[in-house]
Each structure stands twice: as C-alpha cells, then as structure tokens.
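Asker: Structure below; questions to follow.
The values are calculated or read from the model by the stated rules, or taken from the named source; none is laboratory data. Computed from a predicted structure; not experimentally measured. Neighbour counts are summed over all protein chains in view; Cβ atoms, including those assigned to glycine, are modelled from backbone coordinates with ideal geometry.
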Amino acid sequence: MLRNIIFDWSGTLVDDLPAVWRATNFVFNQAGVAEMTIEQFRAEFCLPFTLFYDRYIPHVALPQLETWFHGHFRQVQDSVVELPHAREFLLYCRERGLRTFLLSTVHQDHFAAQIARNQATGVPRRHQLSWSPEEDARLRKAFDAGQAIGAIAAAHERKAGAITARLIGLGLITEDGVVAGG
C-alpha cells in the first residue's frame, strides 16, 4: 500500500522548460555563446546543471552564471504553469490521506513566486475535495437563507458549479435549477 509520494517540482508538477531555456539563452548571450533552440536544449541539458554549463561556457564562474540565470529567470518565470492533471493528482492524494513530499533544487524565491502564481489560476482551495457533513450543513443553511450561489461558492472555497451539483445531490434543487419542494 502506498503511503508516501515524493514529487519533483520542475517537469513533474510544473512545466518550467520555456523559462529555463530562455534564462539559459540569456546566460549564453552574456557569455558570448550562441543560443540554443529549445530542441537542442532538451537534447543537451543534464543534471547536475554544472556539467551542462561547463561543457558550453567553462570560462564563466558559477557565481556569475547564477547571477545571470536567476536574474533573467525572475523576468520570464510567468511562463511556468502547472502540468495537466498535477493538481487533480495532488487532490487525489490528499483525499486518500497519502503523504506528499516535494524534493527539488528549484531556487526558493522562484518556487514561492511560482506557487503564488499557480494558486491564483482561479481554482478554489477546496476544489474537488470531498464534502463533510459539517460543510453540507453550512451549505443547507446558506441556501435556505437565500444566499447567492456565487457567495456560497466563495464561502466554501469551491466553484459555483460544485455548489450547484452539491445542492442537486442533497435534493435541494432539481437538475433544472428549480428549488425542490418549492
């Protein structure tokens, strides 16, 4: 039985390839080396990254390389997006009580910015989580009080469609949106 799942950040939960490629080409430009196409970069890049850079720009000291890379990466990291199904799988793990861990070499500042950006993509915090009896009771109370679906969704940190589906499931409205028993 699985109890723990360990994730990497880059390439597992988010697609940071375009940002890493752009930052690497910036480093190459600063070092006077020709840029790579994204296909070349995919084929040539390796970890530890020092091996990659030593092959192409051995004359650049690591502190300078990191200054150039991280400085430019901050400018292009808005292109880092979560990979399809990553959030759903993390929610699946949460609902089943699986412990998840993240092990990554991503720079802490970049990680914080990417987390903030990807949590702000419009997916509420409780999206696709199971409903507890307490939450059902709060939902019933809000609905009976005549609160708007949007307000209920915001209070429950869920999408409006999830609220409507739950109201149908609880028999409070019909699939046509008609108040049941009313």
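Asker: I'm told Glu88 meets every condition in (1) in contact with a helix residue (DSSP H, G or I) (Cβ under 9 Å, 6 or more places away or on another chain); (2) of a type in the set (D, E, K, R); (3) assigned by TED's automatic domain parsing to the domain that holds Val27 except one. Can you identify the failing condition by its number?
Answerer: Among (1) in contact with a helix residue (DSSP H, G or I) (Cβ under 9 Å, 6 or more places away or on another chain); (2) of a type in the set (D, E, K, R); (3) assigned by TED's automatic domain parsing to the domain that holds Val27, Glu88 violates only (1).
Asker: Only one residue in Ile173, Ile149, Ile168, Ile163 is of a type in the set (Val, Ile, Thr) and touching an Asp or Glu at 6+ places or on another chain (Cβ under 7 Å). Which one? Please lay out each step first, then the result.
Answerer: Numbers: Ile173 fails: touching an Asp or Glu at 6+ places or on another chain (Cβ under 7 Å); Ile149 fails: touching an Asp or Glu at 6+ places or on another chain (Cβ under 7 Å); Ile163 fails: touching an Asp or Glu at 6+ places or on another chain (Cβ under 7 Å).
That would be Ile168, the only listed residue that is of a type in the set (Val, Ile, Thr) and touching an Asp or Glu at 6+ places or on another chain (Cβ under 7 Å).
Asker: In region 69-88, how many are touching a residue at least 60 places away in the same chain (Cβ under 8 Å) and either surrounded by fewer than 16 Cβ atoms within 10 Å (Cβ to Cβ) or in contact with a Leu (Cβ under 7 Å, 6 or more places away or on another chain) (or both)?
Answerer: 4
Asker: While we're here: Among the residues of region 1-30, which ones are of a type in the set (Gly, Ala, Ser) and outside any strand (DSSP E or B)?
Answerer: Passing the criteria: Gly11, Ala19, Ala23.
Asker: Okay, next question. Working carefully through the options Phe26, Phe52, find the one that is within 28 Å of the chain's Cα centre (by Cα) and surrounded by 16 or more Cβ atoms within 10 Å (Cβ to Cβ).
Answerer: Of Phe26, Phe52, the one residue that is within 28 Å of the chain's Cα centre (by Cα) and surrounded by 16 or more Cβ atoms within 10 Å (Cβ to Cβ) is Phe26.
Asker: Restricting to region 136-150, what's the tally of residues that are loosely packed, with under 13 Cβ neighbours inside 10 Å and not basic (Lys, Arg)?
Answerer: Qualifying residue count, region 136-150: 6.
Asker: Find the residue count for region 83-107, including only residues that are closer than 30 Å to Gly71 by Cβ and of a type in the set (D, E, K, R).
Answerer: Going through region 83-107 one residue at a time, the tally reaches 1.
Asker: Going residue by residue through region 48-58, is there one that turns out to be under 25 Å from Ala113 (Cβ atoms) and among the aliphatic types (A, V, I, L, M)?
Answerer: Just the residues of region 48-58 that are under 25 Å from Ala113 (Cβ atoms), to begin with: 48-50, 52-53.
Still in the list and also among the aliphatic types (A, V, I, L, M): none.
So far as region 48-58 goes, no, none of its residues is under 25 Å from Ala113 (Cβ atoms) and among the aliphatic types (A, V, I, L, M).
Asker: Now for a separate question. Show the residue pairs that are 6+ apart or on different chains and have beta-carbon atoms under 7 Å apart, the first residue being within region 131-155 and over 20 Å from Val178 (Cβ atoms), the second being of a type in the set (Gly, Ala, Ser) and surrounded by 15 or more Cβ atoms within 10 Å (Cβ to Cβ).
Answerer: Ala155/Ala142
Asker: Among (1) in contact with a helix residue (DSSP H, G or I) (Cβ under 7 Å, 6 or more places away or on another chain); (2) more than 26 Å from Thr100 (Cβ to Cβ); (3) assigned to a helix (DSSP H, G or I); (4) not aromatic (Phe, Trp, Tyr), which single condition is Val33 missing?
Answerer: So Val33 meets the others, but not (3).
Asker: Another question, if that's okay. Limited to region 89-105, what total is found for residues that are surrounded by fewer than 12 Cβ atoms within 10 Å (Cβ to Cβ) and within 18 Å of Gly11 (Cβ to Cβ)?
Answerer: Looking only at that region, the number is 3.
Asker: Turning to a different aspect of this structure: On the basis of being in the same structural domain as Arg42 (by TED's automatic domain parsing) and polar (S, T, N, Q), does Gln114 make the cut?
Answerer: Yes: the conditions hold for Gln114.
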